[in-house]
Every structure is written in structure tokens, then in C-alpha cells.
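To start, the structure under review is shown below, and the notes come after it.
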Amino acid sequence: MSVFPSALPEPDITPLRGGPVLRWGVLAPGRIAGAFVWALHQHTDQRVHAVASREPERARSFAATYGISRVHGSYEQLVADPDIDIVYVASPHSGHKAQALLAIAAGKHVLVEKPFALNAAEAREIAQAARAAGVFAMEAMWTRFLPQTVLIDRLLRDGVLGDPRLVVADFGVRFDFEPEGRIFSPALGGGALLDLAVYPLWFAHFVLGPPAQVLATGVLAKTGVDGQTALVLTTDSGAQALVHTSLFVDTPNEAAISGTLARLQVESRFIAPGGFTLSSPHGEKRLRWSDSSALSGSGGLAYQATAAARHIAEGLTESPLHPLARSIAVLETIDAARRQVGYVS
């Protein structure tokens, strides 16, 4: 039996500065793209050199806001730009596959916002195209590259928690109902499962691996997309994950792992930089780890960019920390859940 640790080590994270630098291009600038570019320019040596939008004025405004030197009039022009190494796809979910394939066909590496695609079949298509072209492709699951997640991974691999038997994770955000907006629009890949639950479902896969059984129950929004869902995932070993998500209410946005030797509680918001508490089985001993870096909130988006740059410099075509197989497996779980709650695009 492992002895409860007397202290927690510091995570072995990729340095944000001083490593290989990529020249980035952004497709479909919006709120998420803005947060990503700000994090890169604020916290790393990575630089965005070009942006393209279907609305030229939007691209020009984005470029002016974030100090980007080049604006392209079309996605095709941006992916053909010889001064761009990697393309960040930040469109609504419905555009991920087409834009990723466009960039890959032009020989560019791609970082695709989560979810990687609308469904597992689309994700497999992107992965196959990237492998055939020999370019790097990754889903922008930024939480995987945060210091607390790197340390949690080490604790799991070192057996500090023993055998993980239960994961509980949630992510719910109350949105005002906008039928044409990307959150509620079926045409844009709306719904809580793709937009929010991708995080707690990824966390469950990260800890336990892919489930052998997915049970989901939920209710649909007025537009027909999934509005609120609770899931039970069960692995071949009998370990389980309880995941819930909602577009109707705010939820704690917490995650916890219960193992045979220890329990780990990730603080809210577990998807962003923060901390966690490791407790002995009956709570007699506790260790708290907190992120001591200056990064908070969306500043944590910087870690995935420097990790991608390092992977590409090493000649890798996917991330060993967040491989394409995991992105596909999470979407397989989402596909199953969507069918069970009655929403199939």
C-alpha cells in the first residue's frame, strides 16, 4: 500500500518562453480566438501573423485589436500563406472539419478548437487527413496542458490515488435563449454536450480511459439541441464517471477523483488554472496544491500553444498528452449521449 505523500511535487510543464516559436494564422476570429491570441502574445513567444474571416471588416478589426500584421480576404488565402506554420481553427463547431481539412490540404499544422469536430466520424476524417499529410493536428483541449492537470497525471501514474474508481465532473452555464446563436442552433452544432460537456467527459476519459457503457438522460432545448444531460460512464473494470452539463443553469464546475488510496478534488473552475486538494481515504490528511504562476483564467490557453510548438519541433504529428484517439473517443461518447437524449444532427 502506498504511503500518503508528505508533500506534492511541482509539475513538469513546458516553459512558456524560450522554446521553439511558430508563426500562427487564425481562421474565424471571435471571442474564443481573441482570448487565445491575447494569451499567446501576453505570456509566450508565439506570434500570430495573419487572420482571415468571411467578414473582412471583422478580420481587420481583430487584427488591429491584437496587433496582427496581415489580414487575408479568404480562408484559402490564409492557408496558402508561406509565412504561416500552423492554423488555429476557431469557428463554430459546424466549421471545424471543413476548415481543418482546408489547412491540412495546404500542408499546414492545425490546432482545432474543442470539440475537435461535430462527431466522431468527422474527427476520424480530420485525423486521417493529417496523418496522410504528415502534419501535426490537435484539439485545443487547453485544460490538459495546465500545471494542475500535468501534476494530476503524475499522481495517477505514480499510483498515489491507488485504483481510481469514481470520477465526478460537471460543467453548466446558464445562457440566454438565442435560437440563432451558436449555443442553441442545430445548424451550428449547438447543445451542452458538444460545447460544455466535452470538458468533464474529457476529464473522465483522461482518468479512466474510454467507457464500455454510456448511459445518458436529458432534456432538449426549444430548438431541439441537448439542453441538459446527466451521464454515467462505466469502464470494463467497473470504474465509473458521473458527468452532468447544462445550458439552463450554472453548476459548480468541479471535478473529483476517488481512488482506493486517496481522493483528489479539483477546485472550481476545474477547466482553468487553479488548484486541487489531495485527501487520504478518511480525510485525516490533506495536501493542497495551488497554481503559483501569474496566469489565471484564459491566460492558461498559452500552455497548449507552447506544447504544440514543442511537439512540432520534435517532429511529432500529434500530442502524446492529448492524442487524436482521445479526441475521437470523447466524441464517440458524446455521439452515444446525443442519440440517447434524442438529439442527432
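Could you list, in sequence order, all residues of region 287-337 that are open to solvent by 10 Å² or more (accessible area, probe 1.4 Å), more than 30 Å from P5 (Cβ to Cβ) and not hydrophobic (A, V, I, L, M, F, W, C)?
S298, E314, G315, T317, E318, E332, D335
Could you go through region 265-286 and let me know if any residue there is over 29 Å from A336 (Cα atoms), over 23 Å from the mean Cα position of the chain (by Cα), open to solvent by less than 40 Å² (accessible area, probe 1.4 Å) and touching a residue at least 40 places away in the same chain (Cβ under 8 Å).
Yes, because at least one residue in region 265-286 is over 29 Å from A336 (Cα atoms), over 23 Å from the mean Cα position of the chain (by Cα), open to solvent by less than 40 Å² (accessible area, probe 1.4 Å) and touching a residue at least 40 places away in the same chain (Cβ under 8 Å).
Residues that are crowded, with 16+ Cβ neighbours inside 10 Å and free of Cβ contacts under 8 Å to residues at least 60 places away in the same chain: find the strands (runs of 3 or more DSSP E) completely inside region 146-236 holding 2 or more of those.
Strands (runs of 3 or more DSSP E) meeting the threshold: 226-234.
When only residues in region 239-251 that are open to solvent by 40 Å² or more (accessible area, probe 1.4 Å) and within 26 Å of F4 (Cβ to Cβ) count, which is nearest to the chain's Cα centre (by Cα)?
L242
Listed here are the residues, each with its yes/no results for (1) of a type outside the set (S, T, Y); (2) open to solvent by less than 30 Å² (accessible area, probe 1.4 Å); (3) farther than 21 Å from T143 by Cα; (4) in a loop (DSSP other than H, G, I, E, B).
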{"position": "A7", "(1), (2), (3), (4)": "yes, no, yes, yes"}
{"position": "D12", "(1), (2), (3), (4)": "yes, no, no, yes"}
{"position": "R17", "(1), (2), (3), (4)": "yes, no, no, yes"}
{"position": "G25", "(1), (2), (3), (4)": "yes, yes, yes, no"}
{"position": "I32", "(1), (2), (3), (4)": "yes, no, no, no"}
{"position": "V37", "(1), (2), (3), (4)": "yes, yes, no, no"}
{"position": "L40", "(1), (2), (3), (4)": "yes, yes, no, no"}
{"position": "D45", "(1), (2), (3), (4)": "yes, no, no, yes"}
{"position": "H49", "(1), (2), (3), (4)": "yes, no, yes, no"}
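Can you tell me how many residues in region 74-111 are assigned to a loop (DSSP other than H, G, I, E, B), touching a Gly at 6+ places or on another chain (Cβ under 7 Å) and not acidic (D, E)?
Of the residues in that region, 3 qualify.
The values are calculated or read from the model by the stated rules, or taken from the named source; none is laboratory data. What you see is a predicted model; the values in this text were computed from it and never measured. Positions of Cβ are generated from backbone atoms using ideal geometry, with glycine treated the same way; all protein chains shown enter the neighbour counts. Accessible surface areas use protein heavy atoms only, side chains included; no ligands, DNA or RNA. Shrake-Rupley method; radii C 1.70, N 1.55, O 1.52, S 1.80 Å.
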